[in-house]
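We did not get these values from a lab; they are worked out from the coordinates using the rules stated. If you're wondering where the values come from, they're calculated on a predicted model, not measured in any experiment. Cβ placement follows ideal geometry from the backbone for every residue including glycine, while neighbour counts extend to all protein chains displayed.
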Amino acid sequence: MAGIRVEGFEEENVILDELVRRAPEWLRGVGPESDIVVSTRVRLARNLAEFPFIRRCNEADRTAIEKTVRDRIREIAAWTDLLYLDLISLSPIDRQFLVERQLISREIADATGARAVAIEPQETFSVMINEEDHLRIQVMHSGLDLNAAWAQINGIDDLLEERLNFAFHERFGYLTACPTNVGTGLRVSVMLHLPALVITHQIEKVFRGLQKISLAVRGLYGEGSQAMGDFYQISNQITLGRSESQLLEEVGDVVPAIIDYERKAREFLLKESPKDLHDRVSRASGILRTAQTISSEETMLLLSSVRMGVNLGLLKDLPIATINQLFIHTQPGHLQKLCSSELDTSERNVERARYLQEHLRNDSEPPRT
């Protein structure tokens with residue numbers, strides 16, 4: 001079957017088991033400015049002209065939308081290895097795993113009715129079907145890589161638009177369920193690791209500056225999520241009246257300044273309070289290596305300090321890719337997938353501590369399962 005690799009419940013489980021045991025491209029820490037910028041994400045919202053917006057769809061509409069998009073994806077010869085997952089058939093743990101992986105949103109994971117996701121094998125892009133809009137196309141790259149991410153998603157959008165009739169208005173542009181997305185339907189988002197700005201109490205000042213220029217600040221999992229491990233997503237809020245190049249420039253002009261602020265804050269900590277900084281990093285490393293039980297929240301906080309310590313040369317022979325993977329692999333969905341069993345909170349805390357000890361024991365090797 002051209003254009004789709006997955007169909008059927010058992011095959012979906014096999015594919016998810018393969019995904020959990022490898023790192024997505026955006027977590028490898030090899031992109032530009034990757035000491036501070038974890039990833040660049042570009043997202044497009046699109047709707048089919050023949051159907052009402054999702055909130056006005058009945059179940060027959062949702063089923064027809066999913067089938068229409070699936071059939072068109074099958075026609076794209078370049079996507080022969082694409083993974084197509086029916087979200088209805090997945091367990092809550094599997095859906096949580098995909099949210100943690102940044103492949104689907106919490107909204108589509110928690111929704112009801114026909115919905116699916118198509119995933120590129122290296123996880124550089126995914127296409128959510130029947131989220132807030134009929135299609136949510138997203139591309140994710142490691143580090144600060146706006147132009148390459150835009151070029152990739154623009155090509156994906158062209159391939160789909162050749163086969164699907166998107167709702168478009170000559171004056172307003174692409175029509176979307178949320179008015180703030182009308183126009184290009186483009187959301188440009190950069191995930192930054194900003195521990196020094198948090199420690200030096202400058203983070204709120206940065207946020208206030210971003211709000212003045214209509215940029216949004218969100219947590220690790222996007223809209224409605226809290227900041228975890230000093231990770232923040234910076235993105236545009238409004239697309240109407242602005243071109244794709246203007247939106248890319250809007251975010252692209254600001255992010256280098258934030259990177260500079262974070263680097264200066266790290267230099268300040270190294271110069272003014274080196275003992276405190278060394279103590280913070282070494283304590284975090286020690287707890288992660290020896291704890292017998294540890295929560296997800298504490299793990300994120302401690303890994304944040306360790307990641308900063310690695311980038312500042314305070315910890316040797318510990319690859320950033322290892323730390324990046326541990327941020328994701330110690331989340332509840334990933335842990336349970338790795339254990340192949342459902343775990344309650346206390347069991348997850350014990351398994352998380354064991355996993356951290358195992359994968360931090362040999363600093364020179366990335367996590368294996």
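Taking other Cβ within 10 Å of each residue's Cβ, how do Leu164, Leu85 sort, fewest first? Present the calculation step by step, with values, prior to reporting the outcome.
Numbers: Leu164 18, Leu85 24.
Least to most surrounded, the residues fall as Leu164, Leu85.
How would region 206-331 be classified by its alpha-carbon gyration tensor: rounded, prolate or oblate, with rounded meaning a/c under 1.5 and the a/b versus b/c comparison settling the rest?
It is prolate, given that a/c is not under 1.5 and a/b is the larger ratio.
Over the chain, with a Gaussian network built from C-alpha contacts below 10 Å, which listed residue (Ile73, Ile119, Ile199) shows the highest mean-square fluctuation?
Between Ile73, Ile119, Ile199, it is Ile199 that shows the largest mean-square fluctuation.
Among the aspartates and glutamates, which have Cα under 14 Å from the Cα of Lys212 when same-chain residues fewer than 8 positions away are ignored?
Candidates past the 8-residue exclusion: Glu204, Glu250.
Separation between the Asn58 and Val217 pseudo-spin-labels, each 7 Å from Cα along Cα→Cβ, expressed in nm?
Those two pseudo-labels are separated by 4.7 nm.
So how strong a dipole does the chain carry about its Cα centre when Lys and Arg Cβ are +1 and Asp and Glu Cβ are -1, to the nearest 20 debye?
The dipole magnitude comes to about 900 debye.
Per residue of region 22-34, in order, report the coupling 6.51 cos²θ - 1.76 cosθ + 1.60 (Karplus, θ = phi - 60°) as ³J(HN,Hα) in whole Hz, putting x for Gly and Pro.
9, 9, x, 4, 6, 9, 7, x, 10, x, x, 6, 6
In the Gaussian network model of the chain, springs joining C-alpha atoms below 10 Å, which of Ile213, Ile153, Ile258 carries the largest mean-square fluctuation?
Between Ile213, Ile153, Ile258, it is Ile213 that shows the largest mean-square fluctuation.
Rank these for me by crowding, Ser282, Ser126, Ser189, going from fewest to most other beta carbons within 10 Å.
Placing the least packed residue first, the sequence is Ser282, Ser189, Ser126.
Go through 178-185, 39-46, 306-313, 18-25 and give me the packing order, highest mean Cβ count within 10 Å leading.
Those peptides, ordered most packed to least, come out 39-46, 306-313, 178-185, 18-25.
Quickly estimate the mean residue ellipticity at 222 nm for the chain, helices only: each DSSP H run with n ≥ 4 gives -39500 (n - 2.57), and the total goes over all residues, rounded to 500.
Numbers: 13 runs with 169 residues, N = 369.
It lands at -14500 deg cm²/dmol.
Over 24 Å between Cα atoms: which of Lys275/Lys316; Lys205/Lys316; Lys264/Lys316 fall into that group?
Lys205/Lys316
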